[in-house]
Amino acid sequence: MRPAWLEVNFDSLAHNFHLLRRSAGNVALIGVVKANAYGHGAVEVGKELLRLGAWGLAVATTEEARELRKAGIVARILLMGSLHPQQAREVLELDLIPSISTLESAQALNALGKNVAVHLEFDTGMGRVGFQPEEAPLVKERFACFENLLIQGIYSHFADAEEDEPWTREQIGQFQRVQQVFGPGYFYHLCNTAGTVNYGEYGLSAVRPGIGLYGLLPNLGLRPIARLLAKPTQVKELPPGRRIGYSGLYTTQGREWIATLPVGYADGMPRLVFNRATVRFYPERGAPCICPVVGRVSMDQITVKIPAPVGLDQVFEVVTPDFSPTSSLWGWAELTGTVSYEPAVRLSPRLPRVYVRDGVEVTRVE
Ligand SMILES: *Cc1c(COP(=O)(O)O)cnc(C)c1O
């Protein structure tokens, strides 16, 4: 196996799963595993979420759903986003629950002549996809004529349940208007992670968290589930005045020990964190050692400054399972002006993934 890998901790995943469900009164949970489970590996994470009792999984594209089906997952899969009419056939082929936001897609699906359960999406404020809440009576009427479509669920999506309470309450109000039109008996869902945490009383039939399952929001008791680990491929001492990496953005001050780790921006480490990120290792004795990344992040390698030589079997945490400002996915996001979602989904499929439960490796994908 390559000496750089992503370790995913299923105990932390279970912790996050239960914490999120609890904050919404233990309603059902739809596990959002789009974008390769935010970089963590959709098949393995998806299977584990189902083992934990998820109602089903949610993806963004039919290809993501196909990967899950190919891996033998037979559970419910909600296809989020607005179904394009040209993908109606794939919905049937893959046995998906499509999200319907347009009459065109409903028509295309209905025309295929097979019964299919669908979820209607309403745009309560995001302005992206979904029928408008005012259209609810019309939508209800029109769907009565689509004899092959069974409305199973109805949902909406928050735009800023992290910060903007008035707007979120407005969205909740809009959704309640939709609920009034359709009445009871539907699987209603509204809450992403921020909604689940901040508006758990609107858990309705189910919550739909993504980022929270992966533990990537701070201060909520969530635990990041992944560590990016690497062993050095070379450890050497350089004299003072030596430049390191592309463009020579770091120059050794004195004699310095430099370890080269085989991860780079092709693995998902942002190129912009050069000379700012740190990596960490745990010596046999003493405190954890925090080592600065020195010089550019290359495509496949980084260089780190270490206080003393280590062997090639020393494991370094390139991503720590916490909210360190310099060595976590959250920290990388802060350093590069984005949200933790982005460095997470950029974790490259080329990284081997090792899944651990109760401290024991359960699966490995190379
Ligand atoms: C991505 C997504 C989610 C999950 O959002 P998080 O902020 O990651 O919890 C939920 N619902 C929809 C429609 C989404 O697109």
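Each reported figure results from applying straightforward, stated rules to the coordinates on display, with no laboratory input. Note that the structure is a prediction, hence the values are computed from the model and not measured. Cβ coordinates were reconstructed from backbone atoms using ideal geometry, including for glycine residues, and neighbour counts include every protein chain displayed.
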Check your understanding: Considering the Cα trace of the chain, what is its radius of gyration and what is Dmax, both in angstroms?
Key -> 23.3, 78
Check your understanding: Along the charge dipole of the chain, which of GLN253, SER327, ALA71 sits closest to the positive end, that is, farthest toward it, with unit charges on the beta carbon of Lys, Arg, Asp and Glu (+1, +1, -1, -1)?
Key -> GLN253
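Let me know the charge dipole size of the range 10-214 about its Cα centre in debye, to the nearest 20, where only the beta-carbon of Lys, Arg (+1) and Asp, Glu (-1) is charged. Mind showing how you got there, number by number?
Numbers: 17 positive and 23 negative charges, 130 e Å.
Rounded to the nearest 20 debye, it is 620 debye.
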Review point. Amide H of GLU256: which non-local residues (sequence gap of 5 or more, or other chain) have their own amide H closer than 5 Å, using H built in the peptide plane?
Key: LEU238
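Place a +1 charge on the Cβ of each Lys and Arg in the chain and a -1 charge on the Cβ of each Asp and Glu, then give the dipole magnitude about the Cα centre in debye, rounded to the nearest 20.
Charge dipole, the chain, about its Cα centre: 1100 debye, nearest 20.
Could you tell me the relative contact order of the chain? Use alpha-carbon pairs under 8 Å, at least six residues apart, and round to a whole percent. Please report the intermediate quantities before stating the final value.
Details: 830 pairs, mean separation 68.7, N = 366.
Dividing the mean separation by the residue count of the chain yields 19 percent.
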Practice item. Run down the lysines and flag those whose C-alpha is under 30 Å from the C-alpha of LYS305, throwing out any fewer than 8 positions away in its chain. Key: LYS231, LYS236
**Study point:** Cα gyration tensor shape for the range 1-109, rounded if a/c is under 1.5, else prolate or oblate
**Key:** oblate
Check your understanding: For the range 332-343, what does the Karplus curve 6.51 cos²θ - 1.76 cosθ + 1.60, with θ = phi - 60°, yield as ³J(HN,Hα) per residue in whole Hz, taken in order and with x for Gly and Pro?
Key -> 4, 5, 4, 5, 10, x, 9, 10, 4, 3, 6, x
Study note, to complete from the structure: Once phi for every residue in the range 93-102 is put through the Karplus expression 6.51 cos²θ - 1.76 cosθ + 1.60 (θ = phi - 60°), the whole-Hz ³J(HN,Hα) values, with Gly and Pro written as x, are 4, 9, 6, 9, 9, x, 8, 10, 10, 9
Exercise for review: Assuming a ≥ b ≥ c are the square roots of the Cα gyration tensor eigenvalues, decide whether the range 226-339 counts as rounded (a/c under 1.5), prolate (otherwise, with a/b larger than b/c) or oblate.
Suggested key: oblate
Exercise for review: With both partners inside the chain, how many of the DSSP beta bridges are antiparallel, as a percent to the nearest 5?
Suggested key: 55 percent
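By per-residue mean of other Cβ atoms within 10 Å, what is the highest-first order of 176-189, 202-215? Can you show the working numbers first?
Numbers: 176-189: 15.9, 202-215: 23.9.
Output ranking for 176-189, 202-215: 202-215, 176-189.
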Practice item. Pull up the DSSP beta bridges for the range 10-214 and report the antiparallel fraction as a percent, rounded to 5. Key: 0 percent
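Of LYS34/LYS114; LYS34/LYS70; LYS47/LYS70; LYS34/LYS140, which sit over 22 Å apart, Cα to Cα?
Details: LYS34/LYS114 26 Å; LYS34/LYS70 16 Å; LYS47/LYS70 13 Å; LYS34/LYS140 29 Å.
Distance filter (> 22 Å) returns LYS34/LYS114; LYS34/LYS140.
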Check your understanding: Rounded if a/c is under 1.5, else prolate if a/b is larger than b/c, else oblate: which is the range 10-214, with a ≥ b ≥ c the root eigenvalues of its Cα gyration tensor?
Key -> oblate
Review point. Using modelled amide H (1.01 Å from N, peptide plane; none on Pro or chain starts), what sits under 5 Å from the amide H of VAL362, excluding residues fewer than 5 places away?
Key: TYR355, VAL356, ARG357
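With runs of 4+ DSSP H residues as the only contributors, calculate the mean residue ellipticity of the chain at 222 nm using -39,500 (n - 2.57) per run, divided by the residue total and rounded to the nearest 500. Each step should come with its number before you reach the end.
Numbers: 11 runs with 97 residues, N = 366.
That calculation yields -7500 deg cm²/dmol at 222 nm.
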Check your understanding: How large is ³J(HN,Hα) for each residue in the range 231-248, as worked out from phi by the Karplus curve 6.51 cos²θ - 1.76 cosθ + 1.60 (θ = phi - 60°), to whole Hz, x for Gly and Pro?
Key -> 9, x, 9, 7, 10, 8, 9, 10, x, x, x, 8, 8, 10, x, 3, 6, x
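Got the relative contact order for the range 276-323 handy, in percent, Cα pairs under 8 Å and 6 or more residues apart?
Details: 58 pairs, mean separation 17.9, N = 48.
Reported relative contact order: 37 percent.
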